[in-house]
Amino acid sequence: MDYCNCIDPHLPADDLLMKYQYISDFFIALAYFSIPLELIYFVKKSAVFPYRWVLVQFGAFIVLCGATHFISLWTFSMHSRNVEVVMTTAKVLTAVVSCATALMLVHIIPDLLSVKTRELFLKNKAAELDREMGLIRTQEETGRHVRMLTHEIRSTLDRHTILNTTLVELGRTLALEECSLWMPMRNGLELQLSYSLHYQNSVGTTVPIHLPVINQVFSSNRAIKVSPNSPVARVRPLAGRYIPGEVVAVRVPLLHLSNFQNNDWQDLSTKYALMILMLPSDSVRQWRAHELELVEVVADQVAVALSHATILEESMRARNLLMEQNVALDAARREAETAIRARNDFLAVMNHEMRTPMHAIIALSSLMQETELTAEQRLMVETVLRSSNLLATLINDVLDLSKLEDGSLELDLETFNLHAVFREVVNLIKPVASVKKLAVSLSLTPDLPTYAVGDEKRLMQVILNVAGNAVKFSKEGNISIIASLAKFDSLREASTPDFMPVPGANHFYLRVQVKDSGLGFNPQDKPNLFNKFAQNHSLEGRGSGGRGLGLAICKRFVSLMEGRIWIESEGLGKGCAAFFILKLGIADRANEAAHFFSPQLSANNGVANFTGLKVLIMDENGVSRMVTKGLLVHLGCDVSTVGSGQECMRIISQEHKVVFIDVSVPGTDGYEVAARIRERFSSSHKRPLLVALTGNTDRATKEHCLRVGIDGVILKPVSLEKMRSVLLELLENGPLRALKP
């Protein structure tokens, strides 16, 4: 049999193997075509893959391989069985691997893309973190510079040191060629170069404040780049080839004080200063953001430091001014105290010097009244007595007013007979009222307490002054005095901002009304009634007289007694009514029983007989000694007189029942004599009664007298009636706490 290379027709191919080859070629081609599509998707989605051209070549290779398998589908031919088995097996394996690879890429490509995305995200985050770290380092550096500059600026509170330090530290920190400060001038129309880092020759230069570049800077709170050729930036003289560096300007807020007392920047009308900062010339350096931020922060810190310095300067100026005022006030106080002491000393001396001759006038006049006189002579003597008493009252008023003004007057609170005070006032004004044919009536309401606690002398002075004015300004009619216990409703009606009565269990309010049918006054004169030395103009030229002191003193006394006084009138010729309310203490039963009777002028005084009463008078003044002796001799006393304490101690004996001791002049030994007399006569019933003659009305004199054991005090001048009442009271009731003038 002949050999042949052709396919043996007697060995037909297996149909199943042929189908497997055909299907495998199809899937191989499908897988080959899907892989480039997936690679194209991957390349398109991945923005970071660096070798795209390799993928393009690989994709072309795969496409071509797939194309060959598609071609095999149409060029398929029969082969031997062995070849078919081998080809079928290879193609099946190739199809399985190709499809698995294609399917694997479907799952792997998204993972690859996500890895690349994360890598890109991490790279971006790393770059962002680098930028943030750089910003943090820049901020830390800026903060360090700010803290350093703030420490340097706030290490002092001197404005000039603050500004100089700011320029120096900014120049050193930012490596500046120039740093300058323009301050507003007083006129508010110009800025003046006040501080410069390197070019002091330009200091004092001025520019108009309304330049556009200045308005631009002042209208912003940021650092602004300005032209190096602007007027505020040209501080360096131009010479040769000179390329200025970049310039920024920033405003510096200034504390606005209208009363800023200093030689510079006084009465600031502009709210900002201008700071200019220049980078080194002939360099390419530019301003960076953190440097501008540093400049802005430092400008604010300078503003704060300047405000603190300004406030400190103002407070120090105010403190110094206050210290100067305190020194001046202290000096004025010492001068005032010296003047008050000098005035009080002068008044004390004048009081004594005036009362001594008045004592003689009144005493001798009262003695003359006891003699046989013609009607004309008696009228003249009575006129002398009235004038002398008026002068004595004036002296008392002047002394009281002086004490009221310097605050040295204190109320002498004691238990006294309130009803007796009103009766005594009526007895005092009745003689004058009877001469003018005026009827005087006194009404004491049943609820008015008989005894009270208060200053009897001052209360009597107020009542006597008000009632005396009623007598003085009335020519006919009547005068009524009504005293009552003030009810709460009337107190509420009479209350004023200066008088706020408060009811209590230990005190009551006395209400007194003195009404007359006299001349009255015009309504326009009412505000001046209680002023010192103010006269009623409506009564001028009518012979009413007046000192202008009485009502002013009454108002002070009533105020001291926590009360109020006022006067009402319907007009001229319609009379007037005076009212006053004052507070008095309620006397308990023990005080009522132990109170000391005040001497009064009674009817039996005229028949009192002191014949044979041995009296000793110690007075250094010969005239006063002679006058006092005359009064006592007229009363029938056996009188001995001495001019010194030593002589008094030599002749005094148990036979002397009363000893009058003059204690008016400071430095005399009247108090010492009284103390020695008490020591000599240890038994009280053998000791003579001691009575002080004085011209001093102050409380200290009375307390001193009581302290050394003096039984009573009588104030000069002394009339015959007063002497008679004093002796009668001493002999009938024993020692007195005080004898009222």
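Close amide-amide hydrogen proximity is noted between D455 and E414, each under 5 Å apart and 5 or more residues distant or on a separate chain (H modeled in the peptide plane; Pro and chain starts excluded). Length available on full extension from A331 to L391: 0.36 nm per residue minus the Cα-Cα distance, which gives 17.9 nm. Here the Karplus curve 6.51 cos²θ - 1.76 cosθ + 1.60, taken at θ = phi - 60°, turns the phi angles of the range 625-633 into couplings of 5, 5, 5, 4, 4, x, 4, 6, 5 Hz, with x standing for Gly and Pro. Summing charges over all other residues whose Cβ lies under 13 Å from the Cβ of V297, with Lys and Arg as +1 and Asp and Glu as -1, gives -3.
In order along the range 165-176, the phi-based Karplus estimate (6.51 cos²θ - 1.76 cosθ + 1.60, θ = phi - 60°) of 3J(HN,Hα) comes to 4, 4, 5, 5, 5, 5, x, 6, 5, 9, 6, 8 Hz; Gly and Pro are listed as x.
Pairs from the table (K457/K526; K430/K555; K436/K472; K629/K716; K475/K555) lying more than 20 angstrom apart at Cα are K457/K526; K430/K555; K475/K555. Couplings 3J(HN,Hα) of the range 286-298, computed from phi: 10, 6, 9, 4, 5, 5, 5, 5, 4, 4, 5, 5, 5 Hz, in residue order, whole Hz [Karplus 6.51 cos²θ - 1.76 cosθ + 1.60, θ = phi - 60°; x for Gly and Pro].
When you count the other C-beta atoms within 10 angstrom of each residue and take the mean per peptide, 622-631, 455-464 line up highest first as 455-464, 622-631. For V639, which sequence-distant residues (separation of 5 or more, or a different chain) have an amide H within less than 5 Å of its own amide H, given hydrogens modelled in the peptide plane? Here V615 satisfy the definition.
A simple spin-label model places the labels of R707 and V304 6.5 nm from each other, with each point 7 Å out along Cα-to-Cβ. Residues whose amide H comes within less than 5 Å of that of R687, counting only those at least five positions distant or on another chain, are absent (H built at 1.01 Å from N in the peptide plane).
The numbers here are math on the coordinates, done by the rules we state, and not lab data. What you see is a predicted model, and the numbers here were worked out from it, not measured in a lab. Note: ideal-geometry Cβ built from the backbone for every residue, glycine included; neighbour counts use all protein chains shown.
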